[in-house]
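The values are calculated or read from the model by the stated rules, or taken from the named source; none is laboratory data. Note that the coordinates shown come from a computational prediction; the quantities given were computed from them, not determined experimentally. Glycine also receives a Cβ, built like all others from the backbone with ideal geometry; neighbour counts cover every protein chain displayed. Keep in mind that these areas ignore ligands, DNA and RNA; they rest on the heavy atoms of the full protein, side chains included. Shrake-Rupley method; radii C 1.70, N 1.55, O 1.52, S 1.80 Å.
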Amino acid sequence: MHRLVKYGIIFIISLSLTITIGCGQTNDEGEEKSNMKNLFEDSDQQVSDEIIETVLDGINNEDTDSIKNIFSEKAVSESENFDDNVQSLFDFIDGEVVSYEESDPPSSFDSSDSDYKIKLIKSYYYMSTNSEKYFILIENYAINTKNIDNQGVKCLIIVKADDRQKVFDRSENILFNETGRIDRYGVFIPDIYK
């Protein structure tokens with residue numbers, strides 16, 4: 001029994017040293033790097049936050065190109081009047097964006113085999129200006145090695161926050177209709193505001 005306790009203590013010390021040494025490595029410049037941080041470097045949350053921050057900066061600066069650059073080539077080409085839709089986005093927003101918060105955590109869907117990898121991240125945010133609150137849904141193909149033209153944001157749907165549930169209501173024809181899911185590309189502001 002005494003021997004078992006001794007081996008247990010040795011095991012715990014070895015495990016602790018392995019974790020400590022492994023998490024405190026240095027790179028070529030002598031800077032400490034954390035393997036634990038690297039595990040989450042490309043997390044769905046980080047990718048989603050970078051996308052929404054680019055969108056919000058683009059809105060505040062009315063910068064069509066910065067918003068266009070996060071969309072996939074296919075989304076831009078499949079969208080009717082992409083630049084006009086981004087301008088409509090600028091016009092739709094009342095005031096300057098002052099904050100954003102996650103509505104729900106991002107969800108992701110992965111598909112891969114030996115020839116390709118696809119990762120779709122869906123993210124959901126509330127965005128506030130000094131006078132209005134909005135809900136934004138973003139579908140982003142963070143990775144698509146099967147068809148590189150599809151890599152990037154596929155669609156951005158925006159509604160006033162009070163209308164959030166309408167995005168998922170089949171009768172509103174925003175994301176779904178009576179026959180199923182609507183394949184949206186580019187920036188989409190529903191007809192309910194026209």
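Table for the structure above
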{"read-out": "Test: residue in the range 147-161 that is assigned to a strand (DSSP E or B) and open to solvent by 50 Å² or more (accessible area, probe 1.4 Å)", "value": "yes"}
{"read-out": "Qualifying residues in the range 60-82 (those that are under 21 Å from ILE182 (Cα atoms) and either open to solvent by 60 Å² or more (accessible area, probe 1.4 Å) or assigned to a strand (DSSP E or B) (or both)) - the one modelled with the lowest pLDDT", "value": "GLU80"}
{"read-out": "Hey, ASP115 at pLDDT 95 or above, among the acidic types (Asp, Glu) and open to solvent by 70 Å² or more (accessible area, probe 1.4 Å) or not", "value": "no"}
{"read-out": "Number of the condition not met by ASP91 [criteria: (1) more than 18 Å from the chain's Cα centre (by Cα); (2) over 23 Å from SER66 (Cβ atoms); (3) surrounded by fewer than 15 Cβ atoms within 10 Å (Cβ to Cβ)]", "value": "(2)"}
{"read-out": "Hits in the range 162-194 - residues which are open to solvent by 20 Å² or more (accessible area, probe 1.4 Å) and either within 19 Å of ILE52 (Cβ to Cβ) or aliphatic (A, V, I, L, M) (or both)", "value": "ASP163, ARG164, ILE182, ARG184, TYR185, PHE188, ILE189, ILE192"}
{"read-out": "Members of the range 81-99 found to be without any contact (Cβ under 8 Å) to a residue 12 or more places away in the chain and either of a type outside the set (D, E, K, R) or within 19 Å of ASP149 (Cβ to Cβ) (or both), listed by number", "value": "ASN81"}
{"read-out": "Qualifying residue in the range 106-118 (condition: within 25 Å of ASP57 (Cα to Cα) and among the aliphatic types (A, V, I, L, M))", "value": "no"}
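Residues checked against (1) assigned to a strand (DSSP E or B); (2) polar (S, T, N, Q); (3) open to solvent by less than 30 Å² (accessible area, probe 1.4 Å); (4) touching a residue at least 12 places away in the same chain (Cβ under 8 Å):
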{"position": "GLU101", "(1), (2), (3), (4)": "yes, no, no, yes"}
{"position": "SER123", "(1), (2), (3), (4)": "yes, yes, yes, yes"}
{"position": "SER128", "(1), (2), (3), (4)": "yes, yes, yes, yes"}
{"position": "ILE138", "(1), (2), (3), (4)": "yes, no, yes, yes"}
